[in-house]
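Some notes on the structure that comes next.
The values are calculated or read from the model by the stated rules, or taken from the named source; none is laboratory data. A quick note: this is a predicted structure, and the numbers were derived from the prediction, not measured. All Cβ positions, glycine included, derive from the backbone under ideal geometry; neighbour counts span all protein chains shown.
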Amino acid sequence: MPAFDYNSAFSRNIGWVTEAEQEILRNKRVAIGGLGGVGGVHLLTLARMGISKFSIADFDVFDIVNFNRQIGATVNTIGRPKLDVLAEMVSDINPEVDLRFFPEGVQKACIDSFLEDVDIYVDGLDFFAFEPRRMTFAACERRGIPAVTAAPLGLGTAWLVFGPGGMPFESYFGFEGCDEFEMGVRFLVGLSPAMLQRGYLVDLQRVNFRERRGPSNIASCQLCAGVAAVEVLRILLQRPGGKLAPWGRQFDPYRGKFVTTWRPLGYRNPMQIMVAALVRQQLRGR
């Protein structure tokens, strides 16, 4: 087996990044909470960009219901911890990768060590993991760590970037005092103010916030990883052009549409209030 050589392995990145920028990426640390539908492909995508330091957190194991979308889910990995499987996969891409493991997932007891020395956080938590997500984004805000969340919605993706100078996560979504159903509504509408995915959902019965379930697919997860990776690159290399919340973006290839949204006041924006009311009514009226 030939010896691994970092510069050769990622030489085809050069041109889109300079050699000096590639070295910057090599020495940055990315934290990823959750290694399921989007988190696993986030990890492998960023590793192929040459990022070589990761803090990864997940407590779950692979199951057959993960096969439709999760990059590490195979017959051979059923019952195995997602953390272990993805660590093996990323080490096969870069044997020199520096991994810090958090097998208990994102928890209050480990949040400080999880974010230690981290340059950016990428959200890979389950849609309904509201409390761990709130805790993690709040911790990133306190530390001045930029955070990216990209959601697989329909056959596309919507994404937001939080960081110094932008609207805080909690101010944008307004979860305080909400029950889980209302947090689900506000999270969905906050992620995708344009709601491009609504027009082609063929079975609304498959969406049930109270039972914590909804349809998913691999195409949207792959798109999430692509757009999140670009935001990570832009931020870590201090390139211009990024927009922080309350700016958001959504790309839906099924409808052939890309939109940029701006929602000052976040969940209190009149347009957000109107869309949330429609979504709330639709989900409760079934």
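Just checking, does segment 161-172 include any residue being charged (D, E, K, R), in a loop (DSSP other than H, G, I, E, B) and out of contact with any Gly (no Cβ under 8 Å at 6 or more places or on another chain)? No, every residue in segment 161-172 fails to be charged (D, E, K, R), in a loop (DSSP other than H, G, I, E, B) and out of contact with any Gly (no Cβ under 8 Å at 6 or more places or on another chain).
For Val148, the stated conditions hold: it is in contact (Cβ under 8 Å) with a residue 24 or more places away in the chain, in a strand (DSSP E or B) and either surrounded by 19 or more Cβ atoms within 10 Å (Cβ to Cβ) or touching a helix residue (DSSP H, G or I) at 6+ places or on another chain (Cβ under 6 Å) (or both). Residues that are assigned to a loop (DSSP other than H, G, I, E, B), surrounded by 13 or more Cβ atoms within 10 Å (Cβ to Cβ) and modelled with pLDDT of 95 or more within segment 218-246 comprise Leu237, Lys243, Leu244, Ala245, Pro246, listed in sequence order.
Restricting attention to segment 185-214, which residues are in a helix (DSSP H, G or I), charged (D, E, K, R) and loosely packed, with under 12 Cβ neighbours inside 10 Å? Within segment 185-214, Arg206 is the sole residue that qualifies. Restricting attention to segment 1-50, the residues that are assigned to a loop (DSSP other than H, G, I, E, B), surrounded by fewer than 20 Cβ atoms within 10 Å (Cβ to Cβ) and either touching a His at 6+ places or on another chain (Cβ under 7 Å) or among the small types (Gly, Ala, Ser) (or both) total 2. So the check is Cβ under 6 Å with 6+ separation or different chains; which pairs have a first residue in segment 264-286 that's on the phi < 0 side of the Ramachandran plot and at pLDDT 95 or above and a second one that's charged (D, E, K, R) and in a helix (DSSP H, G or I)? Within 6 Å, the pairs are Tyr267/Arg186. Does any residue of segment 113-121 turn out to be more than 30 Å from Phe10 (Cβ to Cβ) and in contact with a Pro (Cβ under 6 Å, 6 or more places away or on another chain)? There is no residue in segment 113-121 that is more than 30 Å from Phe10 (Cβ to Cβ) and in contact with a Pro (Cβ under 6 Å, 6 or more places away or on another chain). Scanning segment 60-97 for residues that are touching a residue at least 24 places away in the same chain (Cβ under 8 Å), closer than 24 Å to Asp5 by Cβ and either surrounded by 13 or more Cβ atoms within 10 Å (Cβ to Cβ) or not charged (D, E, K, R) (or both) yields Leu86, Ala87, Met89, Val90, Ile93, Asn94, Pro95, Val97.
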